[in-house]
Ligand code: FES
């Protein structure tokens, strides 16, 4: 196959344009992960979560914990661009750009410049737990139930 210089350049520019468009779509896809319409998620009763338990609440993009002081939840949305961080033994890692967070949510490696959000936990109707992903609380707040 004999390509002219002009044809080669046209194909090259088209390919690079498609790659750029693919990257943009992927980036925008990450953004839509943070824009879920549902803000409150109803879970099981508090007694379901035993002391020192760690429960992944995939629908709420959060982890629920219970320590000696009570129940609390940490959002898995990375504060950099909103990717879902992955909980590992002892820390959280963001697969998108490599931010790393300690078990208590504090950031140890960027590009994220702040830690993971603690989100409000309450008891709703029928005594079931609710996680409010749009309500950020202090890292020391606990639900004693
Ligand atoms: S979205 Fe997590 S480090 Fe960029």
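The values are calculated or read from the model by the stated rules, or taken from the named source; none is laboratory data. Only a predicted model underlies this, so the values are computations on that prediction, with no experimental measurement involved. A quick note on method: Cβ atoms are made from the backbone with ideal geometry, for glycine too, and the neighbour counts reach across all protein chains shown.
In the stretch 93-112, the qualifying residues are those that are more than 10 Å from the ligand (Cβ to nearest atom) and either touching a strand residue (DSSP E or B) at 6+ places or on another chain (Cβ under 9 Å) or assigned to a strand (DSSP E or B) (or both), and the one that is nearest to residue 142 (Cα to Cα) is 104. Taken over the stretch 86-102, the criterion of being within 16 Å of the chain's Cα centre (by Cα) and surrounded by fewer than 21 Cβ atoms within 10 Å (Cβ to Cβ) is satisfied by 86, 87, 88, 91, 93, 95, 96, 97, 98, 100, 102. In the stretch 65-80, the qualifying residues are those that are more than 19 Å from residue 110 (Cβ to Cβ) and either in contact with a strand residue (DSSP E or B) (Cβ under 6 Å, 6 or more places away or on another chain) or part of a loop (DSSP other than H, G, I, E, B) (or both), and the one that is farthest from the ligand (Cβ to nearest atom) is 68. Of the residues making up the stretch 113-145, those that are in contact with a helix residue (DSSP H, G or I) (Cβ under 6 Å, 6 or more places away or on another chain), closer than 17 Å to residue 78 by Cβ and either part of a loop (DSSP other than H, G, I, E, B) or outside the structural domain of residue 81 (by TED's automatic domain parsing) (or both) number 0.
Taking (1) away from the ligand (no atom under 15 Å from the Cβ); (2) surrounded by 16 or more Cβ atoms within 10 Å (Cβ to Cβ) in turn, residue 83 satisfies each apart from (1). Screening residue 75 on (1) more than 13 Å from the chain's Cα centre (by Cα); (2) in contact (Cβ under 8 Å) with a residue 40 or more places away in the chain; (3) over 14 Å from residue 143 (Cα atoms) shows it passes everything except condition (1).
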